[in-house]
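Below: one structure, written as structure tokens.
The values are calculated or read from the model by the stated rules, or taken from the named source; none is laboratory data. Please read all numbers here as calculations on a predicted model, not as lab measurements. Using ideal geometry, Cβ is built from the backbone for each residue, glycine included, and neighbour counts are taken over all protein chains shown. Ligands, DNA and RNA are stripped out before the accessible areas are found, and what is left, the full protein with its side chains, is counted by its heavy atoms. Shrake-Rupley method; radii C 1.70, N 1.55, O 1.52, S 1.80 Å.
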Amino acid sequence: MTATYERKGPVAYITLARSDAMNAMDRRMYKAVNEAFYKLNEDKEAKVAILSSSNPDAFCAGVDIRDIHKAMTEEGLSLDDLAGQCSIFFEEPGHLYKPVIAAINGHCVGEGMVMTLFCDIRIAAYDARFCLPEARIGVPSINGTIRAVQVASHGAAMELLLTGEPRDADWARMAGFVNTVVPNDELMATAERMAKAIADNGEEAIRIMRQLGEKALEEKFADLVKHGLRLRRKMKTKDMIDRQAAFVNKNRE
């Protein structure tokens, strides 16, 4: 099991559930997460969703580097091939119609943090730690770079992206990456109260305001993604593969 979907009344719960791997995103998990969000779109009774983790120590540890390294070295897949298997459909503007609240605990790394940046509201537990480490493994983040700058201040986004170093929940709140920080044992209750407040409002009004807000934020997002992909295709993959191998070998020790 890698991701689950459950609805209670008007609130849907999408849970990252590859707990033994700290919810690291391998290709199976990308597929499961997408299926959960497809269900949200199709579920007529769901008005709002909460995205959370089943692991008490991690929201998501980012992309599973072992799986990506295997795909590139043993299966011969290109970055474009992988992009088709390692993408989340709700990160594409206009593809999700309902608001999502991210309830973030523990390690929130790479793709895990990028997912939260595409949610409408982000609530962090005191122990949340945020990191965009893609530069350290030689893979430039495209969606993450664009969205981080859109959501938070340019300087804070660049600090995370260019250093690849983690930052705590208070820093993330001050930078604008999260709305609020709460004690760990209040995380889900806080998210549920906010979800109920949203669900109690006019469904059409919520849908229209969300679409307008997304359009205002992302009007040129598609063009930026195309530009980022063009730049990434020009990269030499040897450094990328070498950095991935170093990462995998280090974690084997």
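Residues being surrounded by fewer than 24 Cβ atoms within 10 Å (Cβ to Cβ), of a type in the set (G, A, S) and in contact with a strand residue (DSSP E or B) (Cβ under 8 Å, 6 or more places away or on another chain): count how many of those fall in segment 91-124.
1
I'd like the residue in segment 1-36 that is touching a helix residue (DSSP H, G or I) at 6+ places or on another chain (Cβ under 8 Å), of a type in the set (D, E, K, R) and not in a helix (DSSP H, G or I) and, out of all such residues, is least open to solvent (accessible area, probe 1.4 Å).
So, considering only residues that are touching a helix residue (DSSP H, G or I) at 6+ places or on another chain (Cβ under 8 Å), of a type in the set (D, E, K, R) and not in a helix (DSSP H, G or I), the one least open to solvent (accessible area, probe 1.4 Å) is D26.
Go through E165, E75, E134 for me and flag whichever is in contact with a Pro (Cβ under 9 Å, 6 or more places away or on another chain), closer than 27 Å to F247 by Cα, surrounded by fewer than 18 Cβ atoms within 10 Å (Cβ to Cβ) and acidic (D, E).
Result of the check over E165, E75, E134: E165.
Residue check: is K39 modelled with pLDDT of 95 or more, open to solvent by 40 Å² or more (accessible area, probe 1.4 Å), in a helix (DSSP H, G or I) and not hydroxyl-bearing (S, T, Y)?
yes
Quick one: which of I88, I142, I68 is free of Cβ contacts under 8 Å to residues at least 60 places away in the same chain, open to solvent by less than 30 Å² (accessible area, probe 1.4 Å) and β-branched (V, I, T)?
I88
Taking the options A152, A61, name whichever one is in contact with a strand residue (DSSP E or B) (Cβ under 7 Å, 6 or more places away or on another chain) and either touching a residue at least 40 places away in the same chain (Cβ under 8 Å) or under 23 Å from A222 (Cβ atoms) (or both).
A61
Considering only residues that are assigned to a helix (DSSP H, G or I) and in contact with a helix residue (DSSP H, G or I) (Cβ under 6 Å, 6 or more places away or on another chain), look in segment 172-220 and name the one that is surrounded by the most Cβ atoms within 10 Å (Cβ to Cβ).
A175
Do the conditions hold for E45, that is, is it acidic (D, E), within 18 Å of E192 (Cβ to Cβ) and either open to solvent by 40 Å² or more (accessible area, probe 1.4 Å) or assigned to a helix (DSSP H, G or I) (or both)? Don't jump to the end; show me each part of the working.
Numbers: acidic (D, E): yes; within 18 Å of E192 (Cβ to Cβ): yes; either open to solvent by 40 Å² or more (accessible area, probe 1.4 Å) or assigned to a helix (DSSP H, G or I) (or both): yes.
Judged against the criteria, E45 is a match.
Working carefully through the options P99, P133, find the one that is within 21 Å of M158 (Cβ to Cβ) and at pLDDT 80 or above.
None of the other options fit; the residue is P133.
With respect to G94, determine if the residue is at positive phi, in contact with a helix residue (DSSP H, G or I) (Cβ under 8 Å, 6 or more places away or on another chain) and assigned to a loop (DSSP other than H, G, I, E, B).
Against the criterion (at positive phi, in contact with a helix residue (DSSP H, G or I) (Cβ under 8 Å, 6 or more places away or on another chain) and assigned to a loop (DSSP other than H, G, I, E, B)), G94 qualifies.
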